[in-house]
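The values are calculated or read from the model by the stated rules, or taken from the named source; none is laboratory data. Only a predicted model underlies this, so the values are computations on that prediction, with no experimental measurement involved. We place every Cβ from the backbone using ideal geometry, glycine too, and count neighbours over all the protein chains shown. Note: areas computed on protein heavy atoms with side chains; ligands, DNA, RNA excluded. Shrake-Rupley method; radii C 1.70, N 1.55, O 1.52, S 1.80 Å.
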Amino acid sequence: MINNKILVTGATGTIGSFLVDRLAALGAQMEVLVRSRQQAETFAARGIASFIGDFAHKETLAPALVGVGKLFLLSAANPQQVEWQGNMIEAARRAGVPHIIKLSASCAGPFPHLPIKRWHYETEEQLKESGVPYTFLRPNCFMQNSLHWARTIREKGLFYLPVGDARVSQVDARDIAAVAAAVLTGSGHESQTYEITGSEAITFEEVAEHLSAALGKKVRYARTTFDESRQHMLEYGMEEWLAAAVTQTYHLMSEGGSQHVTDNVSQLTGNDPITFAQFARDHVERFLQRGQTLKHADSRQPAQVLN
Ligand SMILES: NC(=O)c1ccc[n+]([C@@H]2O[C@H](COP(=O)([O-])OP(=O)(O)OC[C@H]3O[C@@H](n4cnc5c(N)ncnc54)[C@H](OP(=O)(O)O)[C@@H]3O)[C@@H](O)[C@H]2O)c1
């Protein structure tokens, strides 16, 4: 008998929220793993069953995995993510879960100087070694990262980045979720690695032009040095490891490492990827409204790039 039950982890986050909406709209059989009772109640109010568990606590994971046909594995970037996701992979293996879809990062690899990509790669390797059939989803930089610029755009009409004329094939998290939903509800995706990008690699001058057009006011891209950018991240409370990891990602971008374009969004979802121009039009309120709370929002912080 085919088990169609999907367990979504990371369901309260950026991709996870869009994914839950998408799976609900498709009428998929879905449950979510959350870390608090309050989150569980929020999902229950929407008619979505949840389990309370935490990747950091192995003993909390098994109940959520009973009868699961596909597991969507996602957690936030964290120095302990390899251990935590490893706990979930091991629990899923023991539970006999037939397929794990892991949200990874574009060009994940064993790079000493790019910790987040290395951690994703290590988890990918662990998943391969576990013998559980897998699919890796490797998105490039999310368009949603630019929402962290809202305050400086509002107050100064600019955003700061240290990446020069780099082209980046940013992708909308809604498209990443759509790809995940297609894989979770489709078949034939085992042993596949999907690099997920937007349809074009654009410069941040072009990003500024799209924002200017959408917001109806001039938005400027202000170039900083890598050191200035890292200092600002630290000054505004970002943890040292994360500021260092983001800085390394900016180096990669400026060297052309984030400009590859794939057609996986259209191939897997049947729709063209959302362009940055469209993303900007869809988020005018978020860019212009006061009082938006973003985790690391500040007056001069570059976008968080957690890949
Ligand atoms: N931003 C980018 O440009 C980019 C690009 C490529 C790849 N990525 C990758 O995308 C992933 C983040 O995706 P996102 O932005 O959608 O996530 P997010 O918004 O940061 O949310 C993280 C989710 O993971 C859950 N979580 C965190 N720690 C957990 C734990 N110990 N046990 C169980 N659940 C846990 C969180 O639950 P709570 O609500 O309880 O915190 C939340 O639902 C990271 O792996 C990152 O490396 C990001």
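Please list, ordered by residue number, the helices (runs of 4 or more DSSP H) wholly in the range 9-82 having 2 or more residues that are open to solvent by less than 70 Å² (accessible area, probe 1.4 Å) and within 9 Å of the ligand (Cβ to nearest atom). Output list reads 14-26. Look at the range 39-64: where a residue is free of Cβ contacts under 8 Å to residues at least 12 places away in the same chain and a partner is crowded, with 18+ Cβ neighbours inside 10 Å, sitting 6+ places away or on another chain with Cβ atoms under 7 Å, you get A44/S50; T60/G53. Scanning the range 94-112 finds one or more residues that are outside the structural domain of M238 (by TED's automatic domain parsing) and in a helix (DSSP H, G or I). Screening E209, E228, E205 for residues that are free of Cβ contacts under 8 Å to residues at least 40 places away in the same chain and more than 28 Å from L268 (Cβ to Cβ) leaves exactly one candidate, E209.
In the set (1) among the hydrophobic types (A, V, I, L, M, F, W, C); (2) part of a helix (DSSP H, G or I); (3) within 18 Å of I176 (Cβ to Cβ), L252 fails one condition alone, (3).
Candidates in the range 123-178 are the residues that are within 14 Å of the ligand (Cβ to nearest atom) and of a type in the set (K, R); of these, the one that is most open to solvent (accessible area, probe 1.4 Å) is R174. Restricting attention to the range 1-27, the residues that are in contact with a strand residue (DSSP E or B) (Cβ under 9 Å, 6 or more places away or on another chain) and closer than 17 Å to L73 by Cα total 15.
Could you tell me whether the range 246-261 includes any residue that is surrounded by 15 or more Cβ atoms within 10 Å (Cβ to Cβ), of a type in the set (A, V, I, L, M, F, W, C) and touching a helix residue (DSSP H, G or I) at 6+ places or on another chain (Cβ under 6 Å)? For the range 246-261, residues surrounded by 15 or more Cβ atoms within 10 Å (Cβ to Cβ), of a type in the set (A, V, I, L, M, F, W, C) and touching a helix residue (DSSP H, G or I) at 6+ places or on another chain (Cβ under 6 Å): absent. Considering (1) open to solvent by 60 Å² or more (accessible area, probe 1.4 Å); (2) within 8 Å of the ligand (Cβ to nearest atom), the lone condition that E90 does not fulfil carries the number (2). In the condition set (1) assigned to a loop (DSSP other than H, G, I, E, B); (2) over 26 Å from V20 (Cα atoms), E122 is compliant with all but (1). Tell me, yes or no, whether the range 201-219 has at least one residue that is in the same structural domain as G256 (by TED's automatic domain parsing), within 15 Å of the ligand (Cβ to nearest atom) and crowded, with 21+ Cβ neighbours inside 10 Å. Within the range 201-219 (the criterion being in the same structural domain as G256 (by TED's automatic domain parsing), within 15 Å of the ligand (Cβ to nearest atom) and crowded, with 21+ Cβ neighbours inside 10 Å), the answer is yes, since at least one residue qualifies.
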